[in-house]
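Asker: What follows is a structure written as structure tokens; I'll ask about it next.
Each value in this text was obtained by applying a stated rule to the coordinates, not by laboratory testing. None of the values given here were measured: they were computed from a predicted structure. As a convention, Cβ positions derive from the backbone with ideal geometry for all residues, glycine included, and neighbour counts pool all protein chains shown.
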Amino acid sequence: MLDRLNGSVALIAYAANLLAGATFMMSAATKWNNPENFALFLSRFSWPIANGGIRLLAYGVIFAESLLAASFALNLANGYRQGAAVFALAAFTFFLIRNRKELADTGCACFGERSRLNRFPIARNLALIVIIMVPFALGITLTPHQSAIQGTIFVVAAMIGYGLGKLVKQHDPAIPPDAGELPLLFLSYRSSGFKEADELLSAPSSREVFVMLDAPPWILETKRNRWSSHRLIAADGPIPDDAPFVMHRNRRGRLKRFGEWAAFLRQYIGEEM
């Protein structure tokens, strides 16, 4: 076992623990911000559980990520946390490989829709497994004093990151007053999801969706007739032609952004049946 009192050796454990803790924390924080969106993501796949279990599964994953983040950040449960993290990452990697066709267009959105950490998720997971296991394989342990230093670094860095995130956070489009409490779909005719949105909105429905469409006037008029069950207006300005998204208030009245727009619309429109 390497000398646990050696400060330079401890840096290896610091780096691995802080990186692992930060990764799990960012993933959990993104999901805690809108657990319903994560549950909708999981609902896209087949699970050997009832529909009501999807929500419990979503919260279970978020809670597990939160525990792993805390255990690495505070150097708790040494030996056990590494095993749990490797198991979780291996299981998630298997899930990605098994559902690679379904995820080909949307990819992994573990860290939010716009995060670069979503790129190459399999390579990311494997690299994280190696990083997590290096200190453990070398037999590096931290003293209580070193663990306290690591925990302090993590908390301070998290607070700074949270503050900077608030400053640079991209603002979502404003909700038109006419939308009221209806879910609002932001959609560009250039988006790869436009065809799927067209199919969903063309079906007769008694539940309205407010659609803000960025498209030429002739497309707007065509879709206004085709999407007769819903309310369609022209976008005030260009809407990014990447994935559409829905803005809707949750049960607490807080406005949330749903990147899982297709699953949201299927569930919302389907509730009338």
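Asker: Report the label-to-label distance for Ala90 and Thr152 in nanometres (one decimal), using points 7 Å from each Cα along the Cα→Cβ vector.
Answerer: Each label point lies 7 Å from its Cα, and together they span 3.7 nm.
Asker: What percentages make up the Cα-Cα pair-distance distribution of region 177-269 when the bins are 5 Å wide from 0?
Answerer: 3, 14, 27, 29, 19, 7, 1, 0
Asker: Right, here's the next one. When the Kirkwood radius is taken over all Cα pairs of the chain, what Stokes-Einstein diffusion coefficient follows at 10 °C and 1.306 mPa s, in µm²/s? Working shown, then result.
Answerer: Numbers: Rh = 21.0 Å.
Calculated translational D: 76 µm²/s.
Asker: Which percent, to the nearest 5, of DSSP beta bridges fully inside the chain are antiparallel? List each step's numbers first, then the result.
Answerer: Numbers: 7 of 16 bridges.
Antiparallel: roughly 45 percent of the beta bridges in the chain.
Asker: Still on this structure, please answer the following. Quickly work out the Asn225-to-Arg190 label distance, labels modelled 7 Å from Cα along the C-beta direction, and quote it in nm with one decimal.
Answerer: A separation of 2.7 nm, rounded to one decimal place.
Asker: I would also like to ask the following. Rounded to a whole number of µm²/s, how large is the Stokes-Einstein D of region 171-231 at 10 °C and 1.306 mPa s, given Rh as the Kirkwood radius over C-alpha pairs? Walk me through the intermediate numbers first.
Answerer: Numbers: Rh = 12.1 Å.
Rounded to a whole number, D works out at 131 µm²/s.
Asker: Can you tell me the FRET efficiency between Asp236 and Leu76 if r is taken as the Cβ-Cβ distance and R0 is 45 Å, rounded to the nearest 0.05? All intermediate terms of the calculation are to be shown ahead of the outcome.
Answerer: Details: r = 50 Å, r/R0 = 1.10.
Rounded to the nearest 0.05, the efficiency is 0.35.
Asker: How large is the Kirkwood hydrodynamic radius of region 123-225, in angstrom, based on all distinct alpha carbon pairs? Write out the running numbers ahead of the final one.
Answerer: Values: mean 1/r = 0.0516 Å⁻¹.
The Cα-based Kirkwood calculation yields 19.4 Å.
Asker: Taking the chain as the reference, fit the longest principal axis to its C-alpha atoms, fit the long axis of helix 261-270 to the helix C-alpha atoms, and give the angle between the two in degrees, 0 to 90, nearest 10.
Answerer: Compared with the principal axis, the helix lies near 60 degrees.
Asker: How far apart, in nanometres, would the label points at Leu57 and Gln267 be if each is projected 7 angstrom from Cα along the Cα-to-Cβ direction?
Answerer: My value for the distance between the label points is 1.3 nm.
Asker: So who's got an amide H within less than 5 Å of the one on Arg249, skipping anything under 5 residues away but keeping other chains? H placed 1.01 Å off N, in plane.
Answerer: Amide H to amide H, under 5 Å and 5 or more residues apart or across chains, Arg249 pairs with Lys256.
Asker: Ok, one more. Only Cα pairs within less than 10 Å get springs; with that Gaussian network setup on the chain, which residue of Pro244, Pro217, Pro183 has the largest fluctuation?
Answerer: With Cα springs under 10 Å in the chain, the top fluctuation among Pro244, Pro217, Pro183 is at Pro217.
Asker: Same structure again: With charges set only on the Cβ (+1 for Lys and Arg, -1 for Asp and Glu), what does the dipole of region 177-269 come to about its Cα centre, in debye to the nearest 20? Write down the numbers at each step before the final one.
Answerer: Values: 14 positive and 12 negative charges, 91 e Å.
That gives a dipole near 440 debye.
Asker: Can you tally the net charge around Ala39? Count Lys and Arg as +1, Asp and Glu as -1, for every other residue whose Cβ sits under 10 Å from the Cβ of Ala39. Let's see the in-between values first.
Answerer: Numbers: positive: Lys31, Arg55; negative: Glu36, Glu260.
Net of charged neighbours comes to 0.
Asker: Something else: Go ahead and collect, in residue order, the members of region 64-78 whose backbone nitrogen is under 19 Å from a label point 7 Å along the Cα-Cβ direction of Val134.
Answerer: Zone members listed by number: 72-75.
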